[in-house]
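A.B. asks: Below are the structure tokens for one structure; questions will follow.
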Amino acid sequence: MKSDVPAATLSIDLTALCDNWRLLCRQADGARCAAVVKADAYGLGAEPVAAALYAAGCRDFFVALVVEALALRPRLASDARLFVLHGALPGAEAECAAQALIPVLNSRDQVERWSRLARSRGTPLPAALQVDTGMARLGLAAAELDRVDAAALQGIEPALLMSHLASAEDPVDALNDLQLERFQAVRQRWPRLPCSLANSSGIFLGPRWHFDLLRPGAALYGVAPTLGRPNPMRPVVRLQGRLIQWREVAAGDGVGYNHAWRAASPGRIATVSVGYADGYLRSLSNRGHLRFQGQRVPLVGRVSMDTVTVDVSSVPADSLLPGAAFDLIDEAHDINALAAEAGTNAYEILTSLGSRYARTYIP
Ligand SMILES: *Cc1c(COP(=O)(O)O)cnc(C)c1O
């Protein structure tokens with residue numbers, strides 16, 4: 001049974017999420033705007049996120065894995081398209097077809113298997129074709145394209161031609177132009193196919209990268225799309241932990257594992273109910289900070305599995321009540337700021353958000 005006194009609460013602002021989606025839509029005249037909801041919508045919950053975005057008008061969704069798609073498909077209306085970025089592993093094709101999933105075909109092998117299934121069923125099956133324009137990760141390599149001709153595509157109803165940018169968050173990286181050029185060249189082979197190149201950051205590179213379908217993930221959830229530029233996205237996530245207990249420490253007292261922090265003067269240490277098992281990264285040890293009633297309080301010592309310790313010497317002792325809320329992520333200290341402190345990117349902050357959090361959705 002779940003206690004109704006959660007140790008930590010992750011609040012997800014669905015209005016901010018949908019505002020972000022609309023802001024991204026507005027960047028492109030005429031292009032459709034999809035939503036990437038892989039990895040459980042970057043840790044925020046694929047079902048509620050997709051439902052809110054569907055209600056806002058989104059009709060195109062992307063996940064990475066067939067299992068993610070199978071979980072989401074029954075929750076989506078039938079006019080929503082659901083693309084599977086990895087395509088189907090051998091043996092998963094029939095289930096994909098039965099559930100009306102649209103695999104992204106990344107290799108000649110995936111094209112062959114999808115075509116074989118379509119021909120055996122005698123009905124055309126939709127698919128997206130992904131080409132590799134320079135990331136060397138997923139997608140048909142340039143050398144493979146000649147072998148993906150009309151014969152190879154027999155039975156397949158191509159729905160989208162796509163590629164993925166490797167450095168879009170850095171607008172001065174020459175790779176953005178190179179990938180665009182290569183994508184435009186590949187497009188000549190299938191001039192009538194709708195095209196998609198831009199992830200969140202790619203949208204902000206400009207209209208030449210937009211084509212027919214935008215594929216943002218991160219920016220929907222508040223990740224800053226462009227390095228060194230103000231973040232136009234609204235924060236979506238708030239994370240609060242709770243005070244378990246606090247204590248007085250004397251000058252010289254060590255705190256937490258290995259005494260990685262020592263009090264320089266007498267003070268107060270609070271223990272808050274979130275740790276690295278919740279995806280609150282251990283690299284934040286002695287580097288991160290939390291906020292208590294709007295006031296910044298430094299994280300001191302190591303992040304433990306289930307707790308962090310915080311220097312609350314500046315906080316009046318009578319406000320330190322057991323159960324009091326501490327903000328680990330809020331508007332003033334968002335996922336982007338936390339990522340900078342942790343030495344990672346905001347994607348990893350989001351996708352690490354723990355399974356122990358009570359997720360509450362603000363409509
Ligand atoms: C994850 C992913 C996206 C979304 O990228 P963001 O940077 O989160 O916007 C788009 N396209 C592909 C192929 C992806 O793998």
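A.B. asks: Would you please classify the overall shape of segment 31-221 from the alpha carbon gyration tensor, given that a ≥ b ≥ c denote the square roots of the eigenvalues, rounded means a/c under 1.5, and beyond that prolate means a/b larger than b/c while oblate covers the rest? Intermediate results must be reported in sequence, preceding the final value.
C.D. replies: Details: a/c = 1.81, a/b = 1.04, b/c = 1.74.
It is oblate, given that a/c is not under 1.5 and a/b is not larger than b/c.
A.B. asks: I'd like the carbon and sulfur percentage of the solvent accessible area for segment 31-221, probe radius 1.4 Å, heavy atoms only, ligands and nucleic acids excluded. List each step's numbers first, then the result.
C.D. replies: Working: 4060 of 7710 Å².
Carbon plus sulfur share of accessible area: 53 percent.
A.B. asks: Within segment 14-97, report the trypsin sites (Lys or Arg not before Pro) that DSSP leaves as loop and that have at most 16 other Cβ atoms within 10 Å.
C.D. replies: When the trypsin sites (Lys or Arg not before Pro) of segment 14-97 are filtered for loop state and at most 16 Cβ neighbours within 10 Å, 59 remain.
A.B. asks: Also, I was wondering about something else. Considering amide H positions built from the backbone, and no H for Pro or chain starts, which residues 5 or more places from residue 249, or on another chain, come under 5 Å of its amide H?
C.D. replies: Sorted by chain and number, the residues that satisfy this are 267, 268, 269.
A.B. asks: Arranged from highest to lowest average of other beta-carbon atoms within 10 Å per residue, in what order do the peptides 159-166, 319-326 appear? Please list the in-between numbers first.
C.D. replies: Values: 159-166: 22.9, 319-326: 13.9.
Highest mean packing first, the order is 159-166, 319-326.
A.B. asks: Taking each pair of distinct Cα atoms in segment 237-362 once, what is the resulting Kirkwood hydrodynamic radius in Å? Display every interim value, and only then the final one.
C.D. replies: On the way: mean 1/r = 0.0688 Å⁻¹.
Answer for segment 237-362: a Kirkwood hydrodynamic radius of 14.5 Å.
A.B. asks: State, to one decimal in nm², a quarter of the convex hull surface area for the C-alpha atoms of segment 111-203, i.e. the direction-averaged projected area. Walk me through the intermediate numbers first.
C.D. replies: Working: hull surface 24.5 nm².
Average projection, Cα convex hull of segment 111-203: 6.1 nm².
A.B. asks: So what does the Cα-only Debye profile of the chain read at q = 0.10, 0.11, 0.13 Å⁻¹, as log10 I(q)/I(0), no solvent term?
C.D. replies: -0.69, -0.79, -1.00
A.B. asks: Express the accessible area of the chain per residue in Å², computed with a 1.4 Å probe while the remaining protein chains stay in the model. Don't jump to the answer; show the numbers that get you there.
C.D. replies: Values: 16150 Å² over 363 residues.
Each residue of the chain exposes 44 Å² on average to a 1.4 Å probe.
A.B. asks: Applying a 10 Å radius around every beta-carbon, put 259-268, 285-294 in order of their mean neighbour count, most first.
C.D. replies: 285-294, 259-268
A.B. asks: Now a separate question. Any cysteines in the chain with zero other Cys Cβ atoms under 4.7 Å from their Cβ? List them, or say none.
C.D. replies: 18, 58, 96, 195
A.B. asks: When only Cα pairs under 8 Å and 6 or more residues apart are kept, what is the percent relative contact order across the chain? Show your work: numbers first, answer last.
C.D. replies: Values: 783 pairs, mean separation 65.8, N = 363.
Result for the chain is 18 percent.
A.B. asks: What list of ³J(HN,Hα) couplings, whole Hz, do you get for segment 144-153 from phi and the Karplus terms 6.51, -1.76, 1.60, once you set θ to phi - 60° and write x for glycine and proline?
C.D. replies: So the Karplus estimates, Gly and Pro as x, are 7, 4, 4, 8, 9, 9, 4, 5, 5, 8 Hz.
A.B. asks: Per residue of the chain, what 222 nm ellipticity follows from adding -39500 (n - 2.57) for every DSSP H run with n ≥ 4, rounded to the nearest 500?
C.D. replies: Working: 11 runs with 92 residues, N = 363.
Mean residue ellipticity at 222 nm (helix-derived): -7000 deg cm²/dmol.
A.B. asks: On a C-alpha basis, how far is the centre of segment 10-57 from the centre of segment 154-208 in Å? Whole number, if you could?
C.D. replies: If we compute the Cα centre of each part, the gap is 21 Å.
A.B. asks: Let me ask another. Non-local amide H neighbours of residue 289 (under 5 Å, H modeled in plane, Pro and chain starts lacking H): which ones?
C.D. replies: Correct list: 299.
A.B. asks: A follow-up question, please. Could you give each residue of segment 224-240 its phi-based ³J(HN,Hα) in whole Hz, using Karplus coefficients 6.51, -1.76, 1.60 with θ = phi - 60°, and x for Gly or Pro?
C.D. replies: Calculated HN-Hα couplings, in order: 5, x, 10, 4, x, 10, x, 7, x, 8, 7, x, 10, 10, 10, 10, 10 Hz.
A.B. asks: Name the long-range amide H neighbours of residue 159: under 5 Å, sequence gap of 5 or more, or other chain; modelled H, no Pro or chain starts.
C.D. replies: Sorted by chain and number, the residues that satisfy this are 127, 128, 129.
A.B. asks: Among DSSP beta bridges lying fully in the chain, give the percent that are antiparallel, nearest 5.
C.D. replies: On the way: 28 of 54 bridges.
Around 50 percent antiparallel, to the nearest 5.
A.B. asks: Where does each of 257, 347, 54 land when they are ordered by accessible area, with a 1.4 Å probe and the largest first? Intermediate values should be presented prior to the final figure.
C.D. replies: Numbers: 257 150, 347 80, 54 55 Å².
Highest to lowest solvent-accessible surface, that is 257, 347, 54.
A.B. asks: Give the distance, in whole Å, between the Cα centre of segment 331-363 and the Cα centre of segment 218-293.
C.D. replies: Their Cα centres are 11 Å away from one another.
A.B. asks: Which whole-Hz ³J(HN,Hα) couplings does segment 326-342 yield from phi under the Karplus relation 6.51 cos²θ - 1.76 cosθ + 1.60, θ = phi - 60°, glycine and proline marked x?
C.D. replies: In residue order, the calculated couplings are 10, 8, 9, 9, 8, 4, 7, 8, 8, 4, 6, 5, 5, 4, 4, 5, 7 Hz.
The values are calculated or read from the model by the stated rules, or taken from the named source; none is laboratory data. Quantities reported herein were computed from a predicted structural model and do not represent experimental measurements. Using ideal geometry, Cβ is built from the backbone for each residue, glycine included, and neighbour counts are taken over all protein chains shown. In case anyone asks, the SASA skips ligands and DNA or RNA and just uses the protein heavy atoms, side chains included. Shrake-Rupley method; radii C 1.70, N 1.55, O 1.52, S 1.80 Å.
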